[in-house]
């Protein structure tokens, strides 16, 4: 297609603009409908009962007491739960995780569902759930990374190898003149999107309608079809807006499946919305890790070896392991590279992908270890990274499809004012006497593509309709994808209607892996180009058109008109062309995905450099990040305003990782004792100041036709390490566990 | 027990008979008055997503029992704009991209309206950050939120000055 | 949440008459409604006292004391210009607590009655002597990082979470209460109780007694020029204290002529140590003196779990609060009230 209609002549008229969110008015007026905002006639409220032990059996539920409560309609337990067609303990497809849907009375982790109560009101269902007052046979829970013997991960998440080795690791260690051997720990973290997992489920015979936030809208039809024994096409899932996802809304979970089952059982629509405390268990999390990093360097400060081993927690009944060690592949030009993973099975809900899964935890440890190596070598941390800059992908030797990391380092350092940073710690104070420290880290995230389909319709009036079931969880799909689609159709953005977020549309693929804009955008663009190609064929063969006989290759589309490329006086409007052809709409289709041979030729990543300034009270050790500058090269930026918001958001997740987030388990019960927003801290507004984002221009002809990588996750990577390193620089204390706490610094005072 | 209350919601008088004293203002709005713009994020006063104005003051609707509100004037996100004319805070949130997923946004905006009305933060970014710290945003749009509140504060002050001139 | 009756009496007398065992007073509801949602509190009756006449005033009495009606909202008190001028430390403590929204709803009377934030107390599935006498204490040996280091007992290691009360304790407030037996006054030092063997008895209130007002004596305003509340917390705002301190000094001719010092988040009540204050009086305000007083303030402290760090942090924040108080109360409320990042230079 691109050879007949060079997109470069049209691409960019909408893309590249900092258009405000097209869903902005709906979101600031309260008109944007999130799943739990739906209220069909006859609605029942469901509240699930969470297990308050981590291991054992439920021996009694006071169903009578619950049913006696006014307004309680039904109580679902393993005794009366209707059968599911698909086994929740099976893994029939790639994104299937095993989950608890009352298949028996076993408790495998705290907060798993052990019953579901249905009520006429939310108040009745909530109290009914409390009245069930479960009794248990308790077994001692296994808590923490040392609770069981670790096992070697052979095949990691989504088929990635558990261990990757490039070069001669032993020789790399032997060749080192200096080295570090350090171990870092990261805690269990929970996604905690502001919108908890919710569903409004309605059955009409064998037709199922779900209002449910979902990151993989069309794929979900087959998932729910499987569990409920109906064809995928019988499932309609509407997810126009997700109140955040971060990976947790891509996988089916027990509470939602039970609510759907309850709707079928009662013949009434059912609404379930997880309580905040219930977000800590059945809907995934970032598993805790312990990571050992061994780095060796030669006389010139070049890395002879980078060895990264990660132990990560997973559940007793599924396999997702935070693949943290993979963060060390692909970044630094070490002579030998090894990444290896082990898992440990404990009594927790299964971890899952959480914003920058693997990379976030891995980068945190790697970037701090790099800082320790630089310190030992007496090198500036940026200089140390530049000495080990990889011109081709380490290990594989593949060229990068694009890599403007050097420019990220330079522009970020310049903006931050990195030059002149004292090498030694505890050298800087502010006017109030606070310790000041500067640290940096490299950001890296792969630039994958998945698969998506799209449809583009040119309507008789010359306007466009584009359709794909994309998921907007805040990254801006409603806006950025429409910008791309408008370019594909050669229309201004206001002439394009975008339908999205519903499973009866073409498959927009999964919103994850920072690949959604690239994937769905490619499909939308291709669909538009296909429609314009058809329109062009009509025009050049229509004697009544000023374009008659011009030949496809010389036609360009712009602002709803086709032009002869060399003669702008010859043009024809979309509406006129379609009117003369009988006034029918014209439909184009497109798909997005990466050709395997393209993926094989190049290493594809987004890159960045993050510079942090922290202030630490010298006596009380309260920590505040006072400046954070991130420079990122992530291919073509479709909408700088929205992309910057993604990058800011990622960097603030980095603050959160470095300083705040941690689920604290009671080792005796296996329960999380800070499972709410008062106890599980994420940053508040006052924690965020002095943020700057720079996007470094990058043309990438290989990642996809549009040159798009992704910005959703890379902001966390680099940032955590930068903050940890800045705290060391401020205080002279190296804390090797996250989050870094006041008491950790005090202990070294 | 049955309780009758009369309250004004977004300018309209609503007579409500509650069959249940447990109903919070948040659930009243969302489940009984068809005003789901106000959001439930934690239901425990720990996130601010449910922020509304009662008699012009920002509060957490999740911790406010509806039964206590006889005679109160409630303003929610649905009642902020004048027809198609956005409130300056709403417009500023769009201009400065003060949100991503949009879920905490109604609460952020109502909180900002309340904060500006309190009149103590002014245009000091640090005071705005502190004043907006009762509203969590997991997408972490805090940078844009602060910019939006600053901008809206200025716009509202200018509008007041114009009106009084 | 359990079913309950709701009533909104029109007078204090009617409110007191409406009380029955198992009833609870409803003020702003910011703590009570929350605990009813977790099931930790299950009152059979809520008596809404927010509209009782006469309880929403801040007034100066003939004896020069300041009387604050129990239903004054935290935000209104903190932002009352006259009050904040006379008692800046109290205003700062109030503004460092919770969020703008919660401060608009929460009442000062309710603040005195707020329950511990111990997670084991809020969770009905954990054993808690404070919630269920004799049930045991699951907090001991559990997640103890934030628990008490002073005044705790084997029965309970919870802390009082209030910021406001720390400042009130330092300034020797009085609590006016009324019950079926009439009105009486309770000295602030006697209001909250240490757990001992009866952690379920948290305050000196008798069943059915209602807080009508707080009073700050006239001499409390004499600390206005040199008083600070400082709060150490894990994030910059909207977080409970890890430890906190209220310090108030009266200086005359380079000497301390009166001193108050109370610690927060270290015990089941605001922790005020007369012997630490006595050390300060008559001395010049100097770092070594503050260090001695702070050490005295935490004398006898002992970890109740993995929280020994709180002892040292409490000592350090006492030093800092005394130092900041000696430097003088800022002319304007800091942008980040009570935060170490909101205060003037300290070195």
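Structure above, values below:
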{"item": "The lone exception for residue A:623 - which of (1) more than 23 Å from residue A:432 (Cα to Cα); (2) buried (at least 24 other Cβ atoms within 10 Å of the Cβ) it fails", "result": "(1)"}
{"item": "So residue C:303, is it more than 21 Å from the chain's Cα centre (by Cα), closer than 28 Å to residue C:121 by Cβ and in contact (Cβ under 8 Å) with a residue 24 or more places away in the chain", "result": "yes"}
{"item": "So residue C:277, is it modelled with pLDDT under 95 and in contact with a strand residue (DSSP E or B) (Cβ under 9 Å, 6 or more places away or on another chain)", "result": "no"}
{"item": "Hits in segment A:329-349 (condition: surrounded by fewer than 24 Cβ atoms within 10 Å (Cβ to Cβ) and under 19 Å from residue A:111 (Cα atoms))", "result": "A:345"}
{"item": "Count of segment A:696-749 residues which are under 17 Å from residue A:661 (Cα atoms) and modelled with pLDDT under 95", "result": "0"}
{"item": "Failed criterion for residue A:749 (all others in (1) part of a loop (DSSP other than H, G, I, E, B); (2) within 11 Å of chain B (Cβ to nearest Cβ); (3) over 29 Å from residue A:331 (Cα atoms) hold)", "result": "(2)"}
{"item": "3 or more residues away from chain C (no Cβ under 13 Å), surrounded by fewer than 22 Cβ atoms within 10 Å (Cβ to Cβ) and at pLDDT 95 or above: qualifying helices (runs of 4 or more DSSP H) within segment B:65-165", "result": "B:88-95, B:142-164"}
{"item": "Residues of segment A:18-44 satisfying the condition of being under 28 Å from residue A:101 (Cα atoms) and either away from every other protein chain (no Cβ under 11 Å) or touching a residue at least 24 places away in the same chain (Cβ under 8 Å) (or both)", "result": "A:33, A:34, A:35, A:36, A:38, A:39, A:40, A:41, A:42, A:43, A:44"}
{"item": "Test: residue in segment C:106-117 that is assigned to a loop (DSSP other than H, G, I, E, B) and more than 14 Å from chain B (Cβ to nearest Cβ)", "result": "yes"}
{"item": "Residues within segment A:685-723 that are within 18 Å of residue A:191 (Cβ to Cβ) and without any contact (Cβ under 8 Å) to a residue 24 or more places away in the chain, tallied", "result": "0"}
{"item": "Qualifying residue in segment A:668-678 (condition: touching a strand residue (DSSP E or B) at 6+ places or on another chain (Cβ under 9 Å), within 14 Å of chain B (Cβ to nearest Cβ) and buried (at least 23 other Cβ atoms within 10 Å of the Cβ))", "result": "no"}
{"item": "The listed residue being assigned to a loop (DSSP other than H, G, I, E, B) and within 31 Å of the chain's Cα centre (by Cα), out of A:420, A:433, A:397, A:412", "result": "A:397"}
{"item": "Residue match in segment A:466-477 (condition: without any contact (Cβ under 8 Å) to a residue 60 or more places away in the chain and in a helix (DSSP H, G or I))", "result": "yes"}
{"item": "Options A:212, A:265: the member that is surrounded by 20 or more Cβ atoms within 10 Å (Cβ to Cβ), on the phi < 0 side of the Ramachandran plot and at pLDDT 95 or above", "result": "A:212"}
{"item": "Checking residue C:303 against (1) within 14 Å of chain A (Cβ to nearest Cβ); (2) closer than 21 Å to residue C:165 by Cα, the condition it does not meet", "result": "(2)"}
{"item": "Residue within segment C:88-105 that is away from chain B (no Cβ under 14 Å), in contact (Cβ under 8 Å) with a residue 24 or more places away in the chain and in a loop (DSSP other than H, G, I, E, B) present", "result": "no"}
{"item": "Subset of segment A:58-71 [more than 10 Å from chain B (Cβ to nearest Cβ) and either surrounded by fewer than 15 Cβ atoms within 10 Å (Cβ to Cβ) or touching a strand residue (DSSP E or B) at 6+ places or on another chain (Cβ under 9 Å) (or both)]", "result": "A:58, A:59, A:60, A:61, A:62, A:63, A:64, A:66, A:67, A:68, A:69"}
{"item": "Residue check for residue A:705: farther than 24 Å from residue A:20 by Cβ and within 13 Å of another protein chain (Cβ to nearest Cβ)", "result": "no"}
{"item": "Subset of segment B:26-41 that is in contact with a helix residue (DSSP H, G or I) (Cβ under 6 Å, 6 or more places away or on another chain) and in contact (Cβ under 8 Å) with a residue 40 or more places away in the chain - its residue that is nearest to the other protein chains (Cβ to nearest Cβ)", "result": "B:37"}
{"item": "Residue, farthest from residue A:240 (Cα to Cα), within segment A:45-57, restricted to residues that are within 14 Å of another protein chain (Cβ to nearest Cβ) and surrounded by fewer than 23 Cβ atoms within 10 Å (Cβ to Cβ)", "result": "A:56"}
{"item": "Checklist (1) more than 24 Å from residue B:143 (Cβ to Cβ); (2) touching a helix residue (DSSP H, G or I) at 6+ places or on another chain (Cβ under 9 Å); (3) outside any helix (DSSP H, G or I); (4) more than 9 Å from chain A (Cβ to nearest Cβ) applied to residue B:20, failing item", "result": "(4)"}
{"item": "Per-region count, segment A:126-152, residues under 33 Å from the mean Cα position of the chain (by Cα) and either assigned by TED's automatic domain parsing to the domain that holds residue A:512 or under 23 Å from residue A:281 (Cα atoms) (or both)", "result": "13"}
{"item": "Qualifying position, being surrounded by fewer than 24 Cβ atoms within 10 Å (Cβ to Cβ) and touching a residue at least 40 places away in the same chain (Cβ under 8 Å), among A:355, A:426", "result": "A:426"}
{"item": "Total residues in segment B:51-64, condition within 13 Å of residue C:37 (Cβ to Cβ) and more than 7 Å from every other protein chain (Cβ to nearest Cβ)", "result": "1"}
{"item": "Residue that is outside any strand (DSSP E or B) and closer than 30 Å to residue A:233 by Cβ, where the choices are A:110, A:193", "result": "A:193"}
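Condition check ((1) at pLDDT 95 or above; (2) at positive phi; (3) within 13 Å of chain B (Cβ to nearest Cβ)) across all residues:
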site: C:4; (1), (2), (3): yes, no, yes
site: C:29; (1), (2), (3): yes, yes, yes
site: C:36; (1), (2), (3): yes, no, yes
site: C:66; (1), (2), (3): yes, no, no
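The values are calculated or read from the model by the stated rules, or taken from the named source; none is laboratory data. Because the structure is predicted, anything quoted here is derived from the model rather than measured. Every residue, glycine as well, gets a Cβ built from its backbone with ideal geometry; the counts of neighbours run over all protein chains shown.
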